[in-house]
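Worksheet: one structure, shown below.
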Amino acid sequence: MVTQGNGRRVVVAMSGGVDSSVTAALLKEQGYEVIGISLQLWDHSRNQLPEVGGGCCSLDDLHDARRVAEQIGIPFYLVNAEEEFRRLVVDDFVSEYFAGRTPNPCTRCNERVKFGLLLQRARELGAELLATGHYARIRRDEGGRYRLLAGLDHNKDQSYFLFTLNQEQLSRTLFPVGGLAKPEVRLLAERFGLRTAAKGESQEVCFIPDDDYVRFLEQERGSGLLSGAIVDMAGKILGRHQGIYRYTVGQRRGLGIAHPHPLHVLGVNVATHEVIVGAKEELRRQGLTATGVNWIIPPVAKSMESSCRIRYRQRPVPCVVTLLPRGGAAVKFVTPEPGVTPGQAVVFYDGETVLGGGWISGVTEDGL
């Protein structure tokens, strides 16, 4: 393999998984001076789940990261970031649910911890670069701007979670596995003899390893809060619920209502504590509004045609984006989309290039 690192120092965020392990091994092979860092984000004893494994970012993961660093012969540091993670990610997660929104903790973690705290640690260690195992790519265009591109493996592409990055962060970031497919990464791990080569992937939120959001939220804030009525679109009361934080847009299970047709959660009314339900076809929306929009590639006009994703696994869909004051945007879908969920991210694309994204704040019924 061609040596291209030229001894430049790079910090690799090592999670203990196969992707970050291969990232570290590849960069060392390419001639970089590699330093491994793992973040201790959460004390899993807080979960009070003795029979449930730690999941992502568990103690086992941290041990695997250290052992991989030893295998490939690089220095390794463990940084306790529990206080920052609690304040910047977990508290936000809980507050959003109790405000009637469905948060996206992985994006918040990338924004506030991985590409905030870790870049700071990299500077302190004299490293000019930070590398992660994300399936995304970075390319510099002819004008000198850095572009964030989707990963080549569309089944693993993680560019949706990275829309908050700015030009300075992109200039100092490497995504070595972003141009590879997952099976290729596994084969590289085997070639390097890494202990994580066959390690499975964790899908749950790292601080909720049993995936029971309600249990976690009530452990944090208490139960019996924000209870109220379950109503249809006309306001007819169909039943009662034990807290709006228990429900998210599109949810069908757990409503506890006898009805001749399947019902789905269409939204919640925070002011009245009502959960609004209806038929599946009523989930479709003409558009949405977003706040806190970050533009990696700034728009050249107030309104533009684009494509967007409103959830991670979704393929980009065509839309028209109109800029609003104070960093907002209004989005009109070419074809009405189901499952528009306040609190989630909307990410804008031009082909494989991420233009930017923001946080869904509301839905629009009749377009712009």
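The values are calculated or read from the model by the stated rules, or taken from the named source; none is laboratory data. Just so you know, these numbers come straight off a predicted model, no measurement behind them. With ideal geometry, Cβ positions are generated from the backbone for all residues, glycine too; neighbour counts draw on all protein chains shown.
Things to note:
Conditions (1) out of contact with any Phe, Trp or Tyr (no Cβ under 9 Å at 6 or more places or on another chain); (2) buried (at least 17 other Cβ atoms within 10 Å of the Cβ), marked per residue:
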{"position": "240", "(1), (2)": "yes, no"}
{"position": "244", "(1), (2)": "no, yes"}
{"position": "249", "(1), (2)": "yes, yes"}
{"position": "272", "(1), (2)": "yes, no"}
{"position": "276", "(1), (2)": "yes, yes"}
{"position": "292", "(1), (2)": "no, no"}
{"position": "302", "(1), (2)": "yes, no"}
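- Residue 339 being surrounded by fewer than 15 Cβ atoms within 10 Å (Cβ to Cβ), at pLDDT below 95 and among the small types (Gly, Ala, Ser): no
- Filtered residues of region 197-242 (kept if touching a residue at least 60 places away in the same chain (Cβ under 8 Å), farther than 21 Å from residue 95 by Cβ and among the acidic types (Asp, Glu)): 201, 210
Let's see how each residue does on (1) more than 15 Å from the chain's Cα centre (by Cα); (2) assigned to a helix (DSSP H, G or I):
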position	(1), (2)
89	no, yes
103	no, no
107	no, yes
142	yes, no
189	yes, yes
195	yes, no
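- Close pairs (8 angstrom Cβ cut-off, 6 or more residues apart or separate chains): not assigned by TED's automatic domain parsing to the domain that holds residue 309 and acidic (Asp, Glu) in region 135-154, crowded, with 18+ Cβ neighbours inside 10 Å and part of a strand (DSSP E or B) anywhere: 141/147
- Index of the failed condition, residue 121 passing every other in (1) part of a strand (DSSP E or B); (2) in contact (Cβ under 8 Å) with a residue 40 or more places away in the chain; (3) surrounded by fewer than 22 Cβ atoms within 10 Å (Cβ to Cβ): (1)
- The set of residues in region 252-276 that are β-branched (Val, Ile, Thr) and either modelled with pLDDT under 95 or under 27 Å from the mean Cα position of the chain (by Cα) (or both) comprises 257, 265, 268, 270, 275, 276.
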